[in-house]
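Before any comments, here is the structure.
The values are calculated or read from the model by the stated rules, or taken from the named source; none is laboratory data. The structure presented is a predicted model; accordingly, all values stated were derived computationally and were not measured. FYI the Cβ positions are ideal-geometry reconstructions off the backbone, even for glycines, and counts take in every protein chain you see.
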Amino acid sequence: MTGTLVIGEIDAGGLSEASAELVSAAVSLGRPVTLAVGSADPQSVSAIDLRGIDRLIGLPVPGDPQAHEVRERAVETLIDLTQPATVLLSANWDNAAFAAGLAERRRFSFATDVIEISSEPDGALVVTRPAYGGKVNVKLRIDDEGPSIVLPRAGVWTPAESSGQAVPMEVVGEAVSEDSRVRRIDLLESGAGDAELARAEVIFGLGRGVGKPEHIAVFEDIARQLGVALGASRPLVDVGLVDRHKQIGQSGVTVKPRLYVAFGISGSMQHMAGISESRMIFAVNTDEEAPIFDAAHLGTHVDAMEVAKHLLSSD
């Protein structure tokens, strides 16, 4: 078993950004990279030209490719076909619903929410993932000769760049059975969630220093008016003031906006790990000793609500 199999996901007719990140992670292992996509009509997927792909496979998947049983059968078919040493899938709810069970059933090694991945000279796989709610990172060495299923966290790797030349797709196998005990009834769009935060160009992050629920409501209104994404540090999420899908940090969403404005955020290691790739960090905090000022490009020692008043008055 050799090489790395990347299970790609389709978004708006093309490869998702999270899948492009997986390709980058796969290339870093220094092994041949196979990218596989499943679709009712694989040939209809927009041309894929990412640098580092050695083989592109399309697998016919009729019905709902997000149905967990259908998705599991598709992934298992691709594993049997390509015989990889490592399988990479995005760490999301769709994949988490079946990946661990598939690994257990096939006796594969398994790791999820991975933030670092590398290979040793002897072929062993080394992965790093957060534990204890993001308080520590755990490094795991996988020596098994059989395949390892790894779910890297989205937003950690830089998406693979275009090579300028489309990779020819090889459509393989018979259509995966669409039989499933799960039937999708409807798709309900959420508000600004993980995907929106991960792609946002400008983000306002709220911390414990913002304080009261009514203050959070003010920033929600400002974010809507300015068209920026709104996230929060873990303390506000833990006390129920902000939805968990808006949590930014090692145990939440990793972001890399052009501008990240931190309002009342002290700057714990857990939170800083989630914003370290921001091009510009602007800190607003009354505590001049707050750790976030060590990482911020710009900052001011004022109350967050004073800044909020100016933002409202400038509308």
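At a glance:
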{"item": "Arg71 vs. criteria without any contact (Cβ under 8 Å) to a residue 40 or more places away in the chain, closer than 18 Å to Ser148 by Cβ and either surrounded by 17 or more Cβ atoms within 10 Å (Cβ to Cβ) or in the same structural domain as Gln165 (by TED's automatic domain parsing) (or both)", "result": "no"}
{"item": "Within segment 1-25, tally of residues that are within 15 Å of Ala160 (Cβ to Cβ) and in a loop (DSSP other than H, G, I, E, B)", "result": "3"}
{"item": "Which listed residue is without any contact (Cβ under 8 Å) to a residue 60 or more places away in the chain and surrounded by fewer than 20 Cβ atoms within 10 Å (Cβ to Cβ), from Ala131, Ala166, Ala99", "result": "Ala131"}
{"item": "Residue ranges of helices (runs of 4 or more DSSP H) in segment 255-315 with at least 1 members charged (D, E, K, R) and assigned by TED's automatic domain parsing to the domain that holds Gly227", "result": "292-295, 304-313"}
{"item": "Given (1) farther than 26 Å from Glu288 by Cβ; (2) surrounded by 16 or more Cβ atoms within 10 Å (Cβ to Cβ), index of the condition His271 fails", "result": "(1)"}
{"item": "The lone exception for Trp93 - which of (1) surrounded by fewer than 16 Cβ atoms within 10 Å (Cβ to Cβ); (2) hydrophobic (A, V, I, L, M, F, W, C); (3) touching a residue at least 24 places away in the same chain (Cβ under 8 Å) it fails", "result": "(3)"}
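A quick yes/no check of all residues on (1) over 25 Å from the mean Cα position of the chain (by Cα); (2) among the small types (Gly, Ala, Ser); (3) surrounded by fewer than 19 Cβ atoms within 10 Å (Cβ to Cβ):
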position	(1), (2), (3)
Arg258	no, no, yes
Ile281	no, no, no
Val284	yes, no, no
Glu289	yes, no, yes
His310	yes, no, yes
